[in-house]
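A.B. asks: Handing you this structure, nothing more for now.
Values in this text are rule-based calculations from the coordinates and carry no lab data. Predicted model only: the values in this text are computed from it and were never measured. Every residue, glycine as well, gets a Cβ built from its backbone with ideal geometry; the counts of neighbours run over all protein chains shown.
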Amino acid sequence: MASAAQDARPAAQSQPQSPAQDSLPPDTKAPAPQQKGPAITGTAGATAEPAAQPDKSAAYYHYTLAHMYEEMVAIYGRADYANKAMEEYGKAIEADPTSEYLHAALAELYAKTGRIADAVTEAREIVKRDPNNLDARKLLGRIYLRSLGDVNSGTQSQEMLKLAIEQYEQMVRIQPGDIENHLLLGRLYRLDNDLLKAENEFKTAVKLKPDSEEAVINLAYLYNEEGDSKRAADVLASVPESARSAKLYSVLGFTYEQQKDYKHAVQAYKQAVDLDHDNLDAMRGLAQNLLNDGQSDAALEQYRQIAEADPQDAQALLRMAEIQRRKGQYDKALASLNKADAQVQDSVEVPYNRALIYEAQGKFDEAAKILDGMLQKNEKPGGAYTSGEKNNRALFLDRLGNIYKQQQKTQLAVDTFRRMLALGPEPSRSGYQEIIDTYRDAKMWPQAADAAREAVKKMPDDRELKMVLAQQEADSGHADAAVAQVKSLLKGTAEDRAIYIGLAQIDSRLKRYKEAEEAVAEAQKLAAKPEEKQYATFVAGSIYERQKKYEQAEEAFKKVIAEDANNAVALNYLGYMLADRGVRLEEALNYIKKAVEIDPQNGAYLDSLGWAYYKLGNYDLAEENLRKAVARISNDATIHQHLGDLYQKTGRLKLAAAHWERALDEWSKTVAAEVDQADVNQTAKKLEAARVKLAQQVRK
């Protein structure tokens, strides 16, 4: 019978180690014992009194039968064979209760057949007798790891995590040179948010095996998680290029992406794809970073290839639709969305993106209808929303409110933004800021100030809203009180960076440029993250530009763009500053074009583009873009001023006069801080001259 079982053994299954290495002599034969004791099921079940002297021959005999039945379980999957194997292990243990090998084998069988509690009990008994028993600790560790995903509560999961950590800590102690145990223990520490211990384990793994890809990648992931992407990149770059795999290049690409170093991220992901052409995750990383780097055509092609390779990938189709929308390819974008819609059910992304396309086409009513329908469909009585549902509703309400704002439906926009106030602190802050901006855009200054006061009253600890209120007070003529209010928010900590930025912007609008420069300099000192440094530099550039310190302003904007090539605000500001002065017009045009490519529906960017074309003498493209701009921001005085100049230049004086008149009207309703009196005076003179000329034409 034993021979038959051996013949049936799968070739890939390795021979188990004999208990002879534990407590049976190597030369012990296994004749059938003359007398068998009662069957037992190990220490996890009912136990029998151990024999006074171990009967190693009987133990070996029953072990052989147990092992035979265990192999038959693996081959045939029958439960009765498992029971017989357990019975024979129990008899073997009864014959030789001192054999740790037999106890460990029974514990493994319990685990294999789903008797986890018995397996744990058996393994714990072994560890209790022999704390250095590696096999028992490995079994316990595996059981606790598997149990992590099976428990139903956070408390139970945390308990299992602690138990798993305990076993792997002991395994590392017993076998310090095993790299796999260090890696697993490091991952467990990460789960437990003990990042310092995790780092030490991963470092030990790297030290044990410097060319271990898993060790290097785990350490890099940890540094990325801690926000130290530079250190992560250094760890990954320490692996020679000849030894780098597609997986390592993908992690390197992700790391560069965290640094916003999109060009190097693209290079790394390209290397990953070159090494593994079927690696769709690497292709997705490449596509995303091509898009991040402003290479929209290349990104679109990459997403197209992903969609062909995996027709079920709805995200690739959604990305394609997004790029096509930004490029103005609205029919193609809708076609991509329709394909994505066929792959997913009840997706909020598909209708949301469809609304964005309609908005971009100027089909505001259709876009609003979709968003309103999504909000009604997902509405819950009493506002019982999950965190994710609240975030989605805030996003939909924000978009819907902005559509109403573009239609100059001020009250509808305000009412929509007010619905965000019930969704939690962050949506409330955003909702109030949108309400204030809506009133400001409509030049309803008292209402904007009232909304700011209401916001601060409701959220008295919110420093951002307090600064918004201070801005309103400054614009209302209470400059000193506003500045004092902002200064009172300073705490002498790193958080003061945002306060100094706000102070610099208020001083700049008040034309207190010396104070503005001093405040932004303090903000630059406190800026730690790249994006914080970039924004502080941008604000400094805007302060220089207001003073007509163009060289310093240009230097600041170029510094921002050098660090973030896709900073649309800096690109537009620099391009417009050059174009408005008639300086290096082709260069100015390129800056603005890139800003428009990043945000094609931005009315301010479209105005800059139209003005650059006007300065270049390309009046057709100037008119096209200025008309798009005024459709987006119909009450912007500067856009009307630009259209007036264009129509005068192209011989349409009546249209020019109408737009100049509208510009003066909008300026008259604007707070002084946002008005350049020189522009007002110049436009007034042009309008007066145009009226005289038009009157002369009528008399003739």
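A.B. asks: Nearest 0.05, what FRET efficiency do residue 243 and residue 134 give at R0 = 35 Å with Cβ-Cβ as r?
C.D. replies: Details: r = 31 Å, r/R0 = 0.89.
Using R0 = 35 Å, I get an efficiency of 0.65.
A.B. asks: Hey, another quick one. How far apart, in nanometres, would the label points at residue 234 and residue 338 be if each is projected 7 angstrom from Cα along the Cα-to-Cβ direction?
C.D. replies: Between residue 234 and residue 338, the simple spin-label model gives 5.4 nm.
A.B. asks: Just going by the charge dipole of the chain, with Lys and Arg at +1 and Asp and Glu at -1 on Cβ, which of 273, 376, 217 is farthest out on the positive end?
C.D. replies: Highest projection toward the positive end goes to 376.
A.B. asks: Can you work out the FRET efficiency for the pair residue 162 and residue 74, with r the C-beta to C-beta distance and R0 = 35 Å, to the nearest 0.05? It would help to have the intermediate numbers written out before the result.
C.D. replies: Values: r = 33 Å, r/R0 = 0.93.
It comes to 0.60.
A.B. asks: Moving on. Which value, to two decimals, describes the C-alpha radius of gyration of the chain once divided by 2.2 N^0.38 Å?
C.D. replies: Numbers: Rg = 36.0 Å, N = 700, 2.2 N^0.38 = 26.5 Å.
Scaled against compact globular proteins, the figure is 1.36.
A.B. asks: Which whole-number percent gives the relative contact order of the stretch 155-261, counting Cα pairs below 8 Å spaced six or more residues apart? Spell out each step's value before the answer.
C.D. replies: Numbers: 101 pairs, mean separation 18.6, N = 107.
Dividing the mean separation by the residue count of the stretch 155-261 yields 17 percent.
A.B. asks: For the peptides 375-386, 680-691, 284-295, what is the packing order when you average, over each peptide's residues, the other Cβ atoms within 10 Å and list the highest mean first? Working shown, then result.
C.D. replies: Numbers: 375-386: 10.4, 680-691: 15.6, 284-295: 21.9.
Averaged packing, sorted descending, gives the order 284-295, 680-691, 375-386.
A.B. asks: What are the lysines whose alpha-carbon lies under 28 Å from the alpha-carbon of residue 339, with same-chain residues fewer than 8 places away excluded?
C.D. replies: 270, 327, 363, 369, 377, 390
A.B. asks: Of the cross-linked pairs 260/487; 209/247; 529/558, which ones have a Cα-Cα span greater than 27 Å in the structure shown? Could you put the intermediate results ahead of the total?
C.D. replies: Working: 260/487 33 Å; 209/247 18 Å; 529/558 18 Å.
In this structure, 260/487 exceed 27 Å between Cα atoms.
A.B. asks: Further question on the same structure: Which Cα, out of 657, 694, 668, lies furthest along the positive dipole direction of the stretch 635-700 (beta carbon charges, K/R +1, D/E -1)?
C.D. replies: About the Cα centre, the residue reaching furthest to the positive side is 694.
A.B. asks: Tell me, what is the FRET efficiency for residue 590 and residue 620 to the nearest 0.05, using R0 = 25 angstrom and their Cβ-Cβ distance as r? Don't skip to the end; give the middle numbers.
C.D. replies: On the way: r = 19 Å, r/R0 = 0.77.
Result of the calculation: an efficiency of 0.85.
A.B. asks: Can you tell me which of 238-245, 321-328 comes out highest on packing, and rank the rest after it, using the mean Cβ neighbours within 10 Å?
C.D. replies: In decreasing order of mean packing, 238-245, 321-328 become 321-328, 238-245.
A.B. asks: For residue 308 and residue 366 in the same chain, what is the full-extension length gain: residue separation times 0.36 nm, less their Cα-Cα distance, in nm? Each step should come with its number before you reach the end.
C.D. replies: Values: separation 58, 0.36 × 58 = 20.88 nm, distance 3.09 nm.
Working it through step by step, the gained length comes to 17.8 nm.
A.B. asks: Quick one: Cα centre-to-centre distance for the stretch 79-105 and the stretch 597-612, in angstrom?
C.D. replies: 79
A.B. asks: On a full-extension model of 0.36 nm per residue, what is the gain between residue 330 and residue 83, subtracting their alpha-carbon distance, rounded to one decimal in nm?
C.D. replies: Numbers: separation 247, 0.36 × 247 = 88.92 nm, distance 6.67 nm.
Result for the pair: 82.2 nm of gain on full extension.
A.B. asks: As a test of the formula, what do you get for the chain when each DSSP H run with n ≥ 4 contributes -39,500 (n - 2.57) and the sum is divided by the residue count, at 222 nm and rounded to the nearest 500 deg cm²/dmol? Could the numbers behind the result be given before it?
C.D. replies: Working: 36 runs with 512 residues, N = 700.
Only helices count here, giving -23500 deg cm²/dmol.
A.B. asks: Under the 0.36 nm per residue contour assumption, what length would be gained going from the current alpha-carbon distance of residue 672 and residue 142 to full extension?
C.D. replies: Working: separation 530, 0.36 × 530 = 190.80 nm, distance 7.05 nm.
Once the chain is fully extended between residue 672 and residue 142, it gains 183.8 nm.
A.B. asks: Using Cα centres only, tell me the gap between the stretch 394-472 and the stretch 488-506 in whole Å.
C.D. replies: 22
A.B. asks: Let me ask something else about it. Hey, can you rank 486-497, 207-218, 602-613 by average C-beta count inside 10 Å, highest first? It would help to have the intermediate numbers written out before the result.
C.D. replies: On the way: 486-497: 14.0, 207-218: 17.6, 602-613: 25.0.
Going from most to least packed, we get 602-613, 207-218, 486-497.
A.B. asks: Something else now. For residue 174 paired with residue 444, estimate the spin-label separation in nm (one decimal), with each label point 7 Å from Cα along the Cα-to-Cβ line.
C.D. replies: A separation of 7.3 nm, rounded to one decimal place.
A.B. asks: Next question. With each label point set 7 Å from Cα along the Cα-Cβ vector, what nm distance links residue 200 and residue 698?
C.D. replies: So the two model labels end up 8.9 nm from each other.
A.B. asks: How big is the dipole moment of the stretch 362-448 about its Cα centre under a simple scheme where the beta carbon of each Lys and Arg is +1, that of each Asp and Glu is -1, and everything else is neutral? Debye, nearest 20, please.
C.D. replies: Values: 14 positive and 11 negative charges, 9 e Å.
Using Cβ point charges on Lys, Arg, Asp and Glu, the stretch 362-448 gives about 40 debye.
A.B. asks: Give me the angle, in degrees from 0 to 90, between the Cα long axis of helix 56-76 and the longest principal axis of the Cα atoms of the chain, rounded to the nearest 10.
C.D. replies: Value to nearest ten degrees: 40.
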